[in-house]
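First comes the structure, then the notes that go with it.
The values are calculated or read from the model by the stated rules, or taken from the named source; none is laboratory data. Everything quoted here is computed from the prediction, not taken from an experiment. Here the Cβ is made from the backbone with ideal geometry for all residues, glycine too, and neighbour counts use every protein chain on show.
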Amino acid sequence: MNRAEESESPESPTDIRAAFFDIDGTLTSFVTHRIPDSTLHALHALHRRGVRIVVCSGRAPSHMGVVLDAMPVRFDGIVAMNGQYCFDGSGWVESEALGPDDVRTITAWLDRHPDVAASYCEKDYVYFNHITPAMRQTWAQLGATAPKAYVDDPHVRPATHPTFQISPFVTPEQEEEIRGLCRFTVGVRWHPDFTDLIPADGGKPRGMDRFLTRWGLEPSQCIAFGDGGNDVTMLRHAGIGVAMGNGTADVRAAADLVTDDVDHDGILHALERCGVL
């Protein structure tokens, strides 16, 4: 029995103090490529109630602007690159980069597979080793929320710029092959076409804990929303984990509550159902 089946109607929480939100497929729609008005209403309502709101995404900071700049919302924090780079508006930052040896190992694998495109995520810059038709097709699915794609040399930049995440467009079998070659790297996948390779002790729960510790809160005092495979551990870590109705099967199984999809007011309905709003 999964968590959602065990607790289809979570009791109203008495002390939810923080809310964590994935972006793609959770805050924004894959259909309209925008954030629903009901979600904007919910985010503002959370702030009025003193609940901190945090973006918790696989995107790099430089790939969030195309989405966040279109939202009339002030977030209290950003968990970027699946927990590897966390920051807020005060200048506070905590981060963990991939190990240099593993970056070189991944790049060497990509050299042996020239048909595979991969993005390399730094603090302020994301670039691809090269552009492929498969990458272009996936990028097009993001519509207006797709950031500009740059190409650069992954043999040069990692020597002087920390790399926090590498996202190759590979099958699960290829992902497993890459991981087997690395010393301290795991993969998290929110899209069937690619995986996000991050440090083995990373992930969205690590990013959540960075903020919760900073604010003196416990995981039981937060609610989290997600729809993709890289959200599974985040939903399990939160006091209340909410899967969007458009979420994948593993996300729905990991959640305490499955709400409506992003295009049918899922975030607002879940917050009301749980008594947070």
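Below are the figures for this structure:
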item: Cross-chain or 6+ apart pairs with Cβ under 7 Å, region 199-214 first and farther than 9 Å from G83 by Cβ and in contact (Cβ under 8 Å) with a residue 40 or more places away in the chain, then assigned to a helix (DSSP H, G or I) and of a type outside the set (S, T, Y); result: L212/P219
item: Any hit, region 42-64, residues being surrounded by 16 or more Cβ atoms within 10 Å (Cβ to Cβ), among the aliphatic types (A, V, I, L, M), within 14 Å of the chain's Cα centre (by Cα) and at pLDDT below 90; result: yes
item: Qualifying residue in region 110-121 (condition: of a type in the set (S, T, N, Q) and either in contact with a His (Cβ under 8 Å, 6 or more places away or on another chain) or outside the structural domain of C182 (by TED's automatic domain parsing) (or both)); result: no
item: Index of the failed condition, V242 passing every other in (1) over 21 Å from T32 (Cα atoms); (2) surrounded by fewer than 21 Cβ atoms within 10 Å (Cβ to Cβ); (3) without any contact (Cβ under 8 Å) to a residue 60 or more places away in the chain; (4) outside the structural domain of S119 (by TED's automatic domain parsing); result: (2)
item: Some residue of region 133-140 being in contact with a helix residue (DSSP H, G or I) (Cβ under 9 Å, 6 or more places away or on another chain) and either buried (at least 16 other Cβ atoms within 10 Å of the Cβ) or among the acidic types (D, E) (or both); result: no
item: Of residues in region 141-166 being among the aliphatic types (A, V, I, L, M) and out of contact with any strand residue (DSSP E or B) (no Cβ under 8 Å at 6 or more places or on another chain), the one surrounded by the most Cβ atoms within 10 Å (Cβ to Cβ); result: A146
item: Members of region 102-122 found to be within 13 Å of I166 (Cα to Cα) and among the acidic types (D, E), listed by number; result: D102, E122
item: Residue that is surrounded by the most Cβ atoms within 10 Å (Cβ to Cβ), among those in region 91-132 that are β-branched (V, I, T) and under 30 Å from P36 (Cα atoms); result: V126
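Conditions tested, residue by residue: (1) more than 21 Å from the chain's Cα centre (by Cα); (2) modelled with pLDDT under 95; (3) assigned to a strand (DSSP E or B).
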site: V79; (1), (2), (3): no, no, yes
site: G89; (1), (2), (3): no, yes, no
site: E94; (1), (2), (3): no, no, yes
site: L98; (1), (2), (3): no, no, no
site: R104; (1), (2), (3): yes, no, no
site: V116; (1), (2), (3): yes, no, no
site: K123; (1), (2), (3): no, yes, no
site: Y127; (1), (2), (3): no, no, yes
